Amino acid sequence: MPHDHNNEMSPSGHPYRKDQDHPLTYWQNLEIAVREILVEKKITTEIEIQETINEMDNRTPSNGATVIAKAWTDPSYKQRLLTNASDASRELGFDIGPLKLIALENTKSIHNVIVCTLCSCYPRNLLGLPPDWYKQRSYRSRIVKTPRTVLKEFGLDLPKDLSVRVHDSTADMRYIVLPMRPHGTENFSTQALEKLVTRDSMIGVGLPKSA
Amino acid sequence: MKNNNTEDMHSRWHDMGGKPAGKLEFSEHDFELWEKRVDALMVLASSKGYFTVDGLRRVLEDMGEKAFSEMTYYERWMASINQNLVEAGAYTLQELGEKMAEVANRGLTYGECNAQEIEENMNES
């Protein structure tokens, strides 16, 4: 439980928050009340809620990395991914449900970036929950207008002759960036390639690690 | 309201693409248990047909810009989920009010007020 690790860092390198030990907020009070009412009315169960959280915790950017590395090594899979990314990710066990997923291929002339200007739509089936900055006004407002400036804040300084395309997600349609395979990885196994695929490279605010 | 920017006259506050904003804040946090539970409630309520992601967003967007700066992401979600569930007839405001009072009376912290954990702790000891 988080409150057992007050001064430690979590596996993802973030500080734990003392969520259990702070005074109850109004919204936490509401969450407990709504959850208990739904359980009492047999609309859901505590087990179902916990299973939903477990599924959430199991969806991490390593899902996306599996898809990307497969696309790098299997040309027919790459074609399927670019044709219908919902089906292609489902094929590897990462179901996006009824949502439409579109894979955007980075090339020598085009770099793709994804955003949700209206809220926080994100390819959760491949990347898990969105990072805090993805939901911030600063990213959502500026990435569509001054993408190169914003990307520089991420440490990504793209050459002028590389076109930057920003794709705005919707509630029903999500994007994933297919980054370029790093140079010098011709002999890499699919597993070794997966380790080079970062979350940020699949959002388009970063590049894969180099070989 | 006087507004010379025609673009702004047609877009609501949440439609923020292209609007001026400050630099990025890169701090990230691990989601708290209560936040994950809010997310799970949304997943379950929508998969069971009580409301859709459009219903979630309608309430979020109607909250206005002040809520965006004063409430956290999952606080806004919780408010919206609750409103949608009441509208869908899952429970009444009276039932909610009584349950919230009961929960608040259990203790001072989130952990203390969580009946499920109280039960688990009793089973362990």
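A short reminder: the numbers here are calculations on the coordinates, not readings from a lab. Every value quoted in this text rests on a predicted model; they were computed, and no experiment measured them. With ideal geometry, Cβ positions are generated from the backbone for all residues, glycine too; neighbour counts draw on all protein chains shown.
For chain A, hydrophobic long helices are taken as DSSP H runs at least 15 Å long by C-alpha position along their axis with mean Kyte-Doolittle hydropathy of 0.0 or more; these are A:26-40, A:61-73.
Which stretch or stretches of region A:21-47 have amide N atoms under 18 Å from the point lying 7 Å from B:Asn105's Cα along the Cα→Cβ direction? A:24, A:29-30, A:32-34, A:36-37, by backbone N distance to the label point.
Report, as a whole number in µm² per second, the diffusion coefficient that Stokes-Einstein gives for the protein assembly as shown at 20 °C and 1.002 mPa s using the Kirkwood radius over alpha carbon pairs. Estimated via Stokes-Einstein, D reaches 98 µm²/s. Restricting the GluC sites (Glu not before Pro) of region A:105-211 to loop positions (DSSP other than H, G, I, E, B) with no more than 14 neighbouring Cβ atoms within 10 Å leaves A:Glu186.
The 3J(HN,Hα) values that the Karplus relation (6.51, -1.76, 1.60; θ = phi - 60°) gives for region B:25-31 are, in residue order, 10, 9, 5, 10, 9, 6, 5 Hz. Gly and Pro appear as x. Amide H contacts for A:Val164 (H built 1.01 Å from N in the peptide plane; partners 5 or more residues away or on another chain; cut-off under 5 Å): A:His111. Ordering A:Thr170, B:Val103, A:Ile43 by Cα displacement along the dipole of the protein assembly as shown toward the positive end leaves A:Thr170 in first place; charges were set at the Cβ atoms of Lys, Arg (+1) and Asp, Glu (-1).
Around the amide H of B:His29, modelled in the peptide plane, lie the amide H atoms of A:Asp132, all under 5 Å away and 5 or more residues distant in sequence or on another chain.
Take A:Gln50, project a point 7 Å from its Cα along the Cβ direction, then tell me which residues of region B:90-114 have their backbone nitrogen under 18 Å from it. Of the residues in region B:90-114, B:111-114 have backbone N under 18 Å from the label point off A:Gln50. Using only side-chain charges placed at the Cβ, +1 for Lys and Arg and -1 for Asp and Glu, the dipole size of the protein assembly as shown relative to its Cα centre rounds to 1860 debye. Normalised by 2.2 N^0.38 Å, where N is the number of residues, the C-alpha radius of gyration of region A:72-211 stands at 1.02. Rounded, prolate or oblate: which one fits region B:31-90, using the alpha carbon gyration tensor with axes a ≥ b ≥ c (rounded when a/c is under 1.5, else prolate when a/b beats b/c, else oblate)? In terms of gyration-tensor shape, oblate. For the cross-link pairs A:Lys70/B:Lys23; A:Lys42/B:Lys36; A:Lys195/B:Lys48, the ones whose C-alpha atoms lie over 31 Å apart are A:Lys70/B:Lys23; A:Lys195/B:Lys48. Working from label points 7 Å from Cα in the Cα-to-Cβ sense, the B:Ser69 to A:Asp172 distance is 3.4 nm. Applying the criteria of a DSSP loop state and at most 15 other Cβ atoms within 10 Å to the trypsin sites (Lys or Arg not before Pro) of region A:31-92 yields A:Lys41, A:Lys42. Listed values for region A:128-136 are Karplus-derived 3J(HN,Hα) couplings in whole Hz (6.51 cos²θ - 1.76 cosθ + 1.60, θ = phi - 60°), namely x, 7, x, x, 4, 5, 5, 9, 7, and x replaces Gly and Pro. Taking amide H as placed 1.01 Å from N in the peptide plane, A:Leu101 has its amide H under 5 Å from the amide H of A:Ala85, A:Ser86, A:Arg174, each at least 5 places away in sequence or on another chain.
Distance from a point 7 Å along Cα→Cβ of A:His22 to each backbone N in region B:31-70: keep the residues under 17 Å and list them by number. Taking a point 7 Å out along Cα→Cβ of A:His22, the residues of region B:31-70 whose backbone N falls under 17 Å are B:31-39, B:68-70.
Applying the criteria of a DSSP loop state and at most 12 other Cβ atoms within 10 Å to the trypsin sites (Lys or Arg not before Pro) of region B:20-116 yields B:Lys23.
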